[in-house]
Amino acid sequence: MGTLSEEILSRKVGRQVRAGEIVIVPVDYVLAHDQTAPLAIESFRKIGRPLFDPNRTVIVFDHIIPAATVQAATLQKMIREWVREQGITNFLQEGICHQVMVERGFVTPGAVIVGADSHTCTYGALGAFGTGMGSTDIAVALATGKTWLRVPETIRFEVKGELGHHVYAKDLALAMVGTIGVDGATYMAVEYGGPAVRRMSISERMTLANMAVEMGGKTGLVEPDDTVDEYLRGRARDPYERITPRDPVYSRVVEIDASSIEPMVAVPPDPEHLAPAAEMRKVKIDQVFIGTCTNGRLDDIEIAARILKGRKIHPSTRMVVTPASTRVALEAMARGYIQTLIEAGAVVTNTGCGPCIGRHQGVLAAGERAITTQNRNFPGRMGDPTAEIYLASPATAAASAITGYITDPRSLD
């Protein structure tokens with residue numbers, strides 16, 4: 001009996017486990033992408049064992065796709081050769097790994113998924129224990145189908161009330177980070193619950209779970225419910241049972257009234273420094289970016305398109321939109337969102353991580369400022385280390401594209 005993470009790991013280990021224990025856990029899937037796979041492959045070869053299961057290994061090209069440099073192209077060629085050599089069936093080039101893993105049904109309640117990317121915690125939106133690891137640990141998982149974990153303690157956010165007009169899951173997530181700080185949940189599981197969370201869509205829950213690592217979290221979890229079952233119907237690759245906390249003991253419970261949240265902006269140099277968007281209207285913006293594993297889904301693009309419809313991007317501001325997956329891009333096109341964004345003056349790129357990691361498709365120059373829907377605003381994240389990155393919801397980002405300054409979207413109504 002315990003928290004969501006304790007219940008998941010107990011089922012996997014076959015006995016009741018408690019926070020603080022060191023356990024060896026079988027994994028359901030192992031993930032790596034074009035930036036982390038090379039080191040994992042190198043370490044895997046040194047282990048000298050066969051792949052534990054080619055069908056439970058997932059390789060995704062998303063960080064620099066198409067390749068922007070000769071070095072990136074060379075590494076991707078090496079990964080492709082290894083994928084063929086190992087008989088890996090799940091080699092995907094259709095969007096950001098975390099979006100694709102969920103869309104393709106790899107993520108189910110109670111699963112344990114390890115990935116060579118820190119935002120693997122996103123999978124907790126569906127009640128899976130997803131966690132990011134270094135390439136060496138991923139290599140061990142590739143060879144053994146297991147990993148070691150210290151069962152994490154849990155901090156729970158209990159969210160009541162309703163989000164107001166033009167206030168979204170991203171604003172709530174930023175408020176959470178601001179409440180406990182970037183190290184407030186270090187190596188802890190972050191549980192998201194309460195009436196406001198239960199009303200959220202899978203996309204909104206993914207935004208919350210994605211940001212758990214920005215508080216230092218090992219994983220982020222939402223209790224599975226009917227919304228998850230409906231999403232996974234005809235999609236789930238594996239059978240599953242719902243996991244629920246049973247007499248949980250939390251390290252800390254943080255209560256938040258959703259109705260008290262307003263459009264927020266995370267100010268450099270990290271996600272815990274917050275200010276209401278309404279108080280940032282003198283901050284001039286050079287680039288707006290909507291996308292990433294945090295907020296590049298269909299509803300995010302819809303929010304931006306709704307605000308930009310019939311309007312133009314400010315002449316001193318450029319805007320980049322990167323759909324999180326091919327499925328998202330196709331549906332956004334079918335609904336007319338992409339046309340609306342292009343007519344407003346945005347550049348819409350192919351799917352992938354895009355400018356988030358400062359490799360291509362929107363790198364920032366020295367002294368420039370960007371407002372973006374991604375999860376991190378560390379110096380140098382999007383290009384030159386003197387560039388400034390402000391984090392916000394798609395609504396705040398889109399409103400800022402129109403005015404050229406950080407703008408509370410409510411002011412445009």
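Quick look at the values:
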item	result
Some residue of segment 185-192 being within 15 Å of Thr294 (Cα to Cα), buried (at least 23 other Cβ atoms within 10 Å of the Cβ) and either in the same structural domain as Tyr29 (by TED's automatic domain parsing) or among the aromatic types (Phe, Trp, Tyr) (or both)	no
Single match in Arg80, Arg156 (criterion: of a type outside the set (A, V, I, L, M) and not in a strand (DSSP E or B))	Arg80
Segment 53-79, residues that are in contact with a strand residue (DSSP E or B) (Cβ under 8 Å, 6 or more places away or on another chain) and under 23 Å from Cys121 (Cβ atoms)	Arg56, Thr57, Val58, Ile59, Val60, Phe61, Asp62, His63
Leading residue by the ranking (farthest from the chain's Cα centre (by Cα)) among those in segment 236-251 that are surrounded by fewer than 17 Cβ atoms within 10 Å (Cβ to Cβ) and of a type in the set (D, E, K, R)	Asp247
Residues of segment 44-87 that turn out to be under 26 Å from the mean Cα position of the chain (by Cα) and small (Gly, Ala, Ser), as a count	4
Subset of segment 198-220 that is among the aliphatic types (A, V, I, L, M) and farther than 22 Å from Ala19 by Cβ - its residue that is farthest from the chain's Cα centre (by Cα)	Met200
Any chance Ala40 is closer than 28 Å to Ala329 by Cα, modelled with pLDDT of 95 or more and either in the same structural domain as Thr131 (by TED's automatic domain parsing) or surrounded by fewer than 17 Cβ atoms within 10 Å (Cβ to Cβ) (or both)	no
Qualifying residue in segment 214-228 (condition: basic (Lys, Arg), closer than 30 Å to Trp148 by Cβ and part of a helix (DSSP H, G or I))	no
Residues satisfying the stated conditions in segment 329-353, i.e. within 14 Å of Arg297 (Cα to Cα) and surrounded by fewer than 17 Cβ atoms within 10 Å (Cβ to Cβ)	Leu330, Met333, Arg335, Asn350
Single residue of segment 88-136 satisfying the filter (surrounded by fewer than 24 Cβ atoms within 10 Å (Cβ to Cβ) and assigned to a helix (DSSP H, G or I)) that is nearest to the chain's Cα centre (by Cα)	Ser118
Helices (runs of 4 or more DSSP H) completely within segment 299-406 that count 1 or more residues being of a type in the set (A, V, I, L, M, F, W, C) and under 29 Å from Val182 (Cβ atoms)	326-334, 394-403
Unique residue being of a type in the set (Val, Ile, Thr) and assigned to a loop (DSSP other than H, G, I, E, B) when the list is Val182, Val177	Val182
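The values are calculated or read from the model by the stated rules, or taken from the named source; none is laboratory data. Source: prediction; values computed, not measured. Heads up, the Cβs are rebuilt from the backbone with ideal geometry, glycines too, and the neighbour counts pull from every protein chain shown.
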